[in-house]
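Please treat every number below as a calculation from the coordinates, not as lab data. Predicted model, so just to flag it, every value in this text is computed and none were measured. Methodologically, a virtual Cβ is constructed for each residue, glycine included, from the backbone with ideal geometry; neighbour enumeration extends over all protein chains shown.
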Amino acid sequence: MNLNKKILTFAFQSRKFQLQVNKNIIDGKIKLPVHLAFGHEFVSALVRSFFLMSKDSLFLTHRNIHYTSIFSKNSRKIYQNFLLNKIQSFNTLGSMNYFDEKTSIKYTSSILGNNLSVAAGFAEGNKSSKSIVYCVVGDGAIEEGSFYETLLLSKSLGLRIVFILENNNFSMATTIKQRRFDMNIKKLSQSIGIKYYYFKRKDIISNVKKYRKIITNTREADDPVVLEFQILTLGSYKDGDNKINYHHGPMKLGINNAYVYNNDSDILYLMNKKLSQ
Ligand SMILES: Cc1ncc(C[n+]2csc(CCOP(=O)(O)OP(=O)(O)O)c2C)c(N)n1
């Protein structure tokens, strides 16, 4: 299968999986706060397409279904365990953390920033094998001090970590502008000697080429790298007069149509347009 087709296939696989989970939430069958990730499928499919299942590992945050759906062979079974009639016998601790020991997903945490230091420890312990540790964070999670600490530590120890920053502008109901100074991640990374790359949402084709080059180089280097992806998370809710574009719950969608929107605001629609040619 050619690369573009492969990426597209993973993205569709993730979307379809999420639509089913979304339906289970709407039907009241899943009560756990699964954070759906409609609109995040490009980045997870890209990571999956260059990921070496035998070597690499993945450290995730609370919003993880776009990865779990395509990285774990047991995802169907595990999300089945999230169903209400199974939940008593399945120890979820009431959270959407995902645990599957037969997968490359080594850790997920709903405590923002928690996966950063765990990823660093794991990378230090697995230095020799040319493997890559991928650590996913959001624009909210990087406000935790452990982001800076882990960047500094990983540069100092020469850890092969790819920090995947999924920047959807939102942290719960707040935009970056509303809650903090819009810090410059490029300058922050570079101040510690870490390479930084930005992936504009609509640049699908050039993003694939850029990502391939970065991962090829990273595998040969003993160095971390920061990749920031511009993301439009689909779904919103009203808070008084405010429209909050933060997807934290189910959407009124069926399971037959893969697209949430039939236009470029849906990354899957955009990907299909660009990658299926
Ligand atoms: C240490 C910590 N502080 C606060 C929270 C509450 N919280 C849950 S999700 C979230 C927003 C996270 O935003 P971001 O990292 O950008 O990810 P997104 O949900 O946008 O994908 C917050 C603040 C938490 N889980 N952990």
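Some observations on this one:
- Across segment 3-275, Cα-Cα pairs farther apart than 23 Å form 51% of the total.
- Between the amide H of Ser109 and those of Leu60, Thr61, His62, distances stay under 5 Å, these residues lying 5 or more places away or on another chain, with hydrogens modeled in the peptide plane.
- Dipole magnitude for segment 3-275: computed about the Cα centre from +1 point charges on Lys and Arg Cβ and -1 point charges on Asp and Glu Cβ, it is near 900 debye.
- In terms of overall dimensions, segment 124-277 has a Cα radius of gyration and Dmax of 17.6, 54 angstrom.
- Within segment 1-153, the proportion of Cα pairs with more than 24 Å between them is 34 percent.
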